[in-house]
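Peer 1: To start, I am sharing the structure in question, which I have written as structure tokens.
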Amino acid sequence: MSLYDLFHETFLSVTNNKVRSALTILGIVVGISAVILMVSIGQGAQASITSSISSAGANLLTVSSGGGRFGGFGGGGARGGGGGGSAVTLTQADVTLIESLPGVASVSESNQSQSAVAAPGVSVNLRVIGAGYNYDSVNGITTTGGSFIGTEDNRSSAKVCVLGPTAVTDLFGTGADPIGQEVRIGGVTYTVVGITKSQGGSSFLNADEVVYIPLTTLQRYMTGNTNLDSITVQAATAGDVTNVTNEITTAMLSAHNVKDPTQPGFNVQSQSAILSTASTITGTFTLLLASIAGISLLVGGIGIMNMMLTTVTERTREIGLRKAIGARPRDITSQFLTEAVTLCLTGGVIGILLGAGGAEIIKATGLMSPLVTMQSVLLAVGVCAGIGIVFGYYPARRASKLDPIEALRYQ
Amino acid sequence: MAPILEVKDLVKIYSTAADEAPALGGVSLAVERGEFVAIMGPSGSGKSTLMNILGCLDTPTTGTYTLDGVDVSELDDEQLAEIRATRIGFVFQSFNLLPRATVLRNVELPMIYTKVPLARREDKAISALQAVGLDERHWTHRSNELSGGQMQRVAIARALVNDPAIILADEPTGNLDTRTGEIILATFRMLQEQGRTIVLITHEHSVAAHADRTVHLLDGLIVSSEAAAEHDAPSAEVVL
């Protein structure tokens with residue numbers, strides 16, 4: 001049986017039972033589009049987390065108090081778990097100490113708070129970051145309008161602020177130019193002096209929905225103390241990150257007289273460590289979503305098997321005839337197997353298109369930014385062919401093993 | 001010239017414990033090239049078993065079977081399929097056409113298993129349809145739109161299309177009325193006159209009477225083999 005004949009026979013038999021074929025294909029379509037969509041959501045989350053973390057730079061370290069903001073991530077849990085040891089209070093002295101260490105290029109301290117931020121007619125609860133010296137250059141922040149908070153602003157505790165792009169939209173509406181306008185934060189009026197460039201919003205922590213004010217201003221008007229939330233350290237090169245991490249840890253342990261190094265009360269973590277932990281988490285998340293969707297694909301596969309078994313039973317006489325006129329067992333096997341694989345692949349292609357379309361729709365709503373990758377598409381095609389073969393094999397073998405004499409007599 | 005089909009001491013025992021009697025108890029038969037032979041016998045006489053073995057759908061327990069110079073009793077499933085595809089044309093009582101396919105496609109079907117190039121299939125199918133005398137306007141009809149007699153002629157054309165050594169017809173008129181049956185039998189006679197070898201299985205004398213020779217089978221043995229008198233109108237006697 002030639003390839004042409006194989007596909008011609010398959011085409012005729014699939015189109016002979018249009019409704020049944022369509023319903024069977026639908027099972028696969030649902031399964032594959034669910035897998036594609038779920039994986040794209042997971043991979044989109046992964047990509048946006050990765051880009052928002054790595055946009056800050058691979059040679060960055062964050063020293064934070066207590067368990068730290070990222071203390072829950074990976075290895076930080078044991079070292080920085082704030083429950084046991086008392087948390088170390090980070091101060092300007094620590095900044096000076098870290099600046100003196102070898103391999104450190106620059107240091108910037110910050111503190112943050114959550115506060116209601118009001119523009120005329122609007123009030124939004126936003127993250128307010130007190131940015132210390134060099135905060136923009138160390139954290140890789142650039143502005144699209146105006147300028148970032150400068151050294152002089154910190155020296156004079158100026159009442160100025162810089163808005164993230166999402167904060168601009170929140171307070172002034174889309175496309176507005178807020179520079180020179182005033183906003184009120186915690187009862188104090190600030191003048192907007194700049195807008196930052198988008199850092200790529202992640203669904204979990206939007207780095208664009210933020211207001212920057214000078215650190216000294218934050219300390220004076222909002223927190224009322226000189227404590228720091230975190231110190232961002234830029235190592236001279238990305239290769240120095242591990243050494244610098246160790247140096248900072250050693251220096252901080254002795255400076256704060258920590259007796260139990262397993263509970264230091266502070267946390268030193270590199271961006272790359274955070275990045276890899278975040279990747280692991282989103283990877284697991286993707287796998288979980290894909291597995292749930294995979295179950296519907298399995299159900300689709302069972303649908304294929306069910307249809308093929310019905311087809312074989314219905315076409316028993318035809319199989320008998322084909323054998324009588326010279327079809328070899330493997331001709332029969334390949335005919336039914338091709339039919340099953342064709343149904344699966346057709347469903348797979350439609351499912352990929354639907355899944356990718358669904359991902360575009362979700363992207364358009366702006367809730368999440370799903371990412372359909374070539375790997376997930378190729379994987380889906382492979383899985384479809386695999387399902388066709390696995391679930392088609394048993395019915396096809398059954399057909400090929402029919403006794404032609406019995407089959408011809410079958411009513 | 002050696003017979004086109006020759007079986008010797010054919011024994012077939014079905015291993016069902018209840019019935020130990022052999023379905024065939026040592027059948028020897030030779031069919032010459034161009035001969036039209038009818039195998040006759042009542043139900044249970046072993047004629048279906050013999051038909052299945054002659055058609056290479058089943059293998060004998062013992063005995064030899066030579067078809068067109070090939071000893072087929074030693075072949076495996078794959079090789080038997082090959083023999084069926086190239087040397088045997090089947091005609092069944094219930095036609096066994098693909099109901100939704102056109103007449104032409106039904107006749108072309110056996111050629112997908114014999115590697116006939118695509119370009120030649122339609123020509124071969126058309127000459128087979130012409131050989132059985134089916135009107136050209138039916139060729140593109142779906143086979144379930146035809147009458148019984150037309151369907152059986154399509155089936156005969158399908159049996160012819162690979163130019164087989166023998167045509168095996170199993171009760172080809174069993175599902176047809178007498179008049180249509182006569183047309184089908186006339187078709188077989190016409191094919192025989194064109195040099196085809198035909199083995200026809202039936203339980204009706206009137207059908208067997210169209211053959212050159214009738215072999216009577218009873219309880220798995222050949223009881224007589226007689227040449228037919230010139231084809232005079234046979235009686236319509238029916239043996240069950």
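Peer 1: Restricting to region B:102-123, and then to whatever is charged (D, E, K, R) and free of Cβ contacts under 8 Å to residues at least 24 places away in the same chain, can you tell me which residue is farthest from B:L134 (Cα to Cα)? It would help to see each step written out before you state the result.
Peer 2: Going residue by residue through region B:102-123, those that are charged (D, E, K, R) are B:105, B:108, B:115, B:120-123.
Applying the additional criterion that residues be free of Cβ contacts under 8 Å to residues at least 24 places away in the same chain yields B:105, B:115, B:120-123.
Values: B:R105: 14, B:K115: 25, B:R120: 20, B:R121: 17, B:E122: 15, B:D123: 15 Å.
Looking at the filtered set, the residue picked out is B:K115.
Peer 1: Tell me which residues, restricted to region B:145-173, are in a helix (DSSP H, G or I) and either among the hydrophobic types (A, V, I, L, M, F, W, C) or surrounded by fewer than 24 Cβ atoms within 10 Å (Cβ to Cβ) (or both). Give the steps one after another, and end with the answer.
Peer 2: Looking only at region B:145-173, we keep the residues that are in a helix (DSSP H, G or I), and these are B:145, B:148-160.
Across region B:145-173, the qualifying residues are B:E145, B:G148, B:G149, B:Q150, B:M151, B:V154, B:A155, B:I156, B:A157, B:A159, B:L160.
Peer 1: What residue, of A:S270, A:S334, A:S291, is away from every other protein chain (no Cβ under 14 Å) and open to solvent by less than 60 Å² (accessible area, probe 1.4 Å)? Walk me through how you get there before you give the answer.
Peer 2: Details: A:S334 fails: away from every other protein chain (no Cβ under 14 Å); A:S291 fails: open to solvent by less than 60 Å² (accessible area, probe 1.4 Å).
Result of the check over A:S270, A:S334, A:S291: A:S270.
Peer 1: Next question. So which residues in region A:238-287 are touching a strand residue (DSSP E or B) at 6+ places or on another chain (Cβ under 7 Å), within 23 Å of A:S51 (Cα to Cα) and assigned to a helix (DSSP H, G or I)?
Peer 2: A:V241, A:T245, A:Q271
Peer 1: Conditions first: (1) open to solvent by less than 20 Å² (accessible area, probe 1.4 Å); (2) within 14 Å of another protein chain (Cβ to nearest Cβ); (3) touching a residue at least 40 places away in the same chain (Cβ under 8 Å); (4) not polar (S, T, N, Q). A:G326 passes all but one, so which condition is the exception?
Peer 2: The failed condition is (3).
Peer 1: If I filter region A:312-331 for residues that are part of a loop (DSSP other than H, G, I, E, B), of a type in the set (V, I, T) and over 33 Å from the mean Cα position of the chain (by Cα), do I get at least one hit? Walk me through how you get there before you give the answer.
Peer 2: Of region A:312-331, the ones part of a loop (DSSP other than H, G, I, E, B) are A:315, A:325-328.
So of that shortlist, the ones also of a type in the set (V, I, T) come out as A:325.
Narrowing further to those that are over 33 Å from the mean Cα position of the chain (by Cα): A:325.
Within region A:312-331 (the criterion being part of a loop (DSSP other than H, G, I, E, B), of a type in the set (V, I, T) and over 33 Å from the mean Cα position of the chain (by Cα)), the answer is yes, since at least one residue qualifies.
Peer 1: Sticking with this structure for a sec: Consider A:A255 carefully, then state whether it is small (G, A, S) and at pLDDT below 85. Walk me through it before giving the result.
Peer 2: Working: small (G, A, S): yes; at pLDDT below 85: no.
No, not satisfied.
Peer 1: Could you check how many residues of region A:373-411 are open to solvent by 40 Å² or more (accessible area, probe 1.4 Å) and either modelled with pLDDT of 90 or more or not in a loop (DSSP other than H, G, I, E, B) (or both)?
Peer 2: Quick first cut of region A:373-411, residues open to solvent by 40 Å² or more (accessible area, probe 1.4 Å) only: A:374-375, A:378-379, A:381-383, A:389-390, A:393-394, A:397-398, A:401-403, A:406, A:409-411.
Restricting the remaining residues to those that are either modelled with pLDDT of 90 or more or not in a loop (DSSP other than H, G, I, E, B) (or both) gives A:374-375, A:378-379, A:381-383, A:389-390, A:393-394, A:397-398, A:401-403, A:406, A:409.
Counting residues in region A:373-411 that are open to solvent by 40 Å² or more (accessible area, probe 1.4 Å) and either modelled with pLDDT of 90 or more or not in a loop (DSSP other than H, G, I, E, B) (or both) gives 18.
Peer 1: Condition test on B:G149, is it of a type in the set (G, A, S) and away from chain A (no Cβ under 13 Å)? Before you say what the answer is, go through the steps one by one.
Peer 2: Working: of a type in the set (G, A, S): yes; away from chain A (no Cβ under 13 Å): yes.
So B:G149 passes the test.
Peer 1: Scan region A:130-146 residue by residue and report those that are aliphatic (A, V, I, L, M) and open to solvent by less than 10 Å² (accessible area, probe 1.4 Å). Quick ask: steps written out before the conclusion?
Peer 2: Going residue by residue through region A:130-146, those that are aliphatic (A, V, I, L, M) are A:131, A:138, A:141.
Hits for region A:130-146 are A:A131, A:V138.
Peer 1: Same structure again: Using the structure shown, decide if B:L134 is open to solvent by less than 40 Å² (accessible area, probe 1.4 Å) and either at pLDDT below 95 or in contact with a Cys (Cβ under 7 Å, 6 or more places away or on another chain) (or both). Before the answer, list the steps.
Peer 2: Numbers: open to solvent by less than 40 Å² (accessible area, probe 1.4 Å): yes; either at pLDDT below 95 or in contact with a Cys (Cβ under 7 Å, 6 or more places away or on another chain) (or both): yes.
The answer is yes for B:L134.
Peer 1: May I ask you to verify whether B:P110 is of a type outside the set (A, V, I, L, M), within 13 Å of chain A (Cβ to nearest Cβ) and open to solvent by less than 20 Å² (accessible area, probe 1.4 Å)? Even if it seems obvious, please write down each step before you answer.
Peer 2: Numbers: of a type outside the set (A, V, I, L, M): yes; within 13 Å of chain A (Cβ to nearest Cβ): yes; open to solvent by less than 20 Å² (accessible area, probe 1.4 Å): yes.
Judged against the criteria, B:P110 is a match.
Peer 1: Here's a follow-up. Please indicate, with yes or no, whether at least one residue in region B:19-37 is open to solvent by less than 20 Å² (accessible area, probe 1.4 Å), under 17 Å from B:D170 (Cα atoms), at pLDDT 90 or above and in contact with a His (Cβ under 9 Å, 6 or more places away or on another chain).
Peer 2: Yes: region B:19-37 contains one or more residues that are open to solvent by less than 20 Å² (accessible area, probe 1.4 Å), under 17 Å from B:D170 (Cα atoms), at pLDDT 90 or above and in contact with a His (Cβ under 9 Å, 6 or more places away or on another chain).
Peer 1: Only one of B:A128, B:A119 is of a type in the set (A, V, I, L, M, F, W, C), open to solvent by less than 20 Å² (accessible area, probe 1.4 Å) and more than 9 Å from chain A (Cβ to nearest Cβ); which?
Peer 2: B:A128
Peer 1: With a cut-off of at least 2 residues that are within 13 Å of another protein chain (Cβ to nearest Cβ) and in contact (Cβ under 8 Å) with a residue 60 or more places away in the chain, name the strands (runs of 3 or more DSSP E) lying wholly within region B:5-101. I'd like the intermediate steps shown before the answer.
Peer 2: Numbers: elements: B:5-12, B:24-31, B:36-40, B:62-67, B:88-91.
Those strands (runs of 3 or more DSSP E) span B:88-91.
Peer 1: Right, A:V117: out of contact with any Pro (no Cβ under 9 Å at 6 or more places or on another chain), under 30 Å from A:Q92 (Cβ atoms) and not charged (D, E, K, R) or not? Give the derivation first.
Peer 2: Working: out of contact with any Pro (no Cβ under 9 Å at 6 or more places or on another chain): yes; under 30 Å from A:Q92 (Cβ atoms): yes; not charged (D, E, K, R): yes.
Considered against the rule, which asks whether it is out of contact with any Pro (no Cβ under 9 Å at 6 or more places or on another chain), under 30 Å from A:Q92 (Cβ atoms) and not charged (D, E, K, R), A:V117 comes out as yes.
Peer 1: Here's something else I'd like to know. Inside region B:66-114, can you point out the residues that are hydroxyl-bearing (S, T, Y) and more than 16 Å from the chain's Cα centre (by Cα)?
Peer 2: Filtering region B:66-114 down to residues hydroxyl-bearing (S, T, Y) leaves B:66, B:73, B:86, B:94, B:102, B:113-114.
Passing the criteria: B:T66, B:S73, B:T102, B:Y113, B:T114.
Peer 1: Out of region B:38-74, which residues are at positive phi and surrounded by fewer than 18 Cβ atoms within 10 Å (Cβ to Cβ)?
Peer 2: Once the filter is applied, which keeps residues that are at positive phi and surrounded by fewer than 18 Cβ atoms within 10 Å (Cβ to Cβ), region B:38-74 yields B:G44, B:G69.
Peer 1: Does A:E314 meet the test of being within 30 Å of B:S94 (Cα to Cα), of a type in the set (D, E) and away from every other protein chain (no Cβ under 14 Å)?
Peer 2: Values: within 30 Å of B:S94 (Cα to Cα): yes; of a type in the set (D, E): yes; away from every other protein chain (no Cβ under 14 Å): no.
Taking the combined requirement at face value, the residue does not satisfy it.
The values are calculated or read from the model by the stated rules, or taken from the named source; none is laboratory data. Not measured: the values here are computed from a predicted model. Virtual Cβ from ideal backbone geometry, glycine too; neighbours counted across all protein chains shown. Ligands, DNA and RNA are stripped out before the accessible areas are found, and what is left, the full protein with its side chains, is counted by its heavy atoms. Shrake-Rupley method; radii C 1.70, N 1.55, O 1.52, S 1.80 Å.
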